[in-house]
Ligand SMILES: [Cu+2]
């Protein structure tokens with residue numbers, strides 16, 4: 001019984017350490033919005049990365065997942081406002097501005 005508890009504790013410590021290493025490995029990424037476009041129109045990040053969009057334009061914009069709007073949808077961002085989303089799963093995510101649908105971007109999560 002005692003051995004089982006030690007084993008369980010050991011496994012937990014290992015998982016915690018692995019989790020920390022994983023978190024430290026994913027640097028936050030950012031996209032700026034300016035002049036009716038997403039700079040870094042295509043951005044490649046690792047799974048678990050938090051991406052921050054910052055509106056540097058002088059009119060509001062949004063960030064909405066093109067394939068699954070429920071998965072990611074920002075409110076209208078005024079000048080200087082930010083929106084964050086963490087991409088947990090690998091895949092290619094297309095997004096756009098719902099106010100100006102020609103504004104499009106892609107996040108590739110590896
Ligand atoms: Cu817009």
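Bear in mind that the values in this text are calculations on the coordinates, not laboratory data. Owing to the predicted nature of the structure, the values given are computational and were not obtained by experimental measurement. Here Cβ is always computed from backbone atoms with ideal geometry, including for glycine, and neighbour counts include all displayed protein chains.
Here are the numbers for this structure:
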quantity: Longest to shortest principal axis, alpha-carbon extents of the range 27-109, angstrom; calculated: 32, 25, 18
quantity: Residue order, fewest to most surrounding Cβ atoms within 10 angstrom, among 94, 61; calculated: 94, 61
quantity: Percent antiparallel among DSSP beta bridges (both partners in the range 27-109, rounded to 5); calculated: 70 percent
quantity: Centre separation in Å (Cα based) which lies between the range 38-64 and the range 76-106; calculated: 5 Å
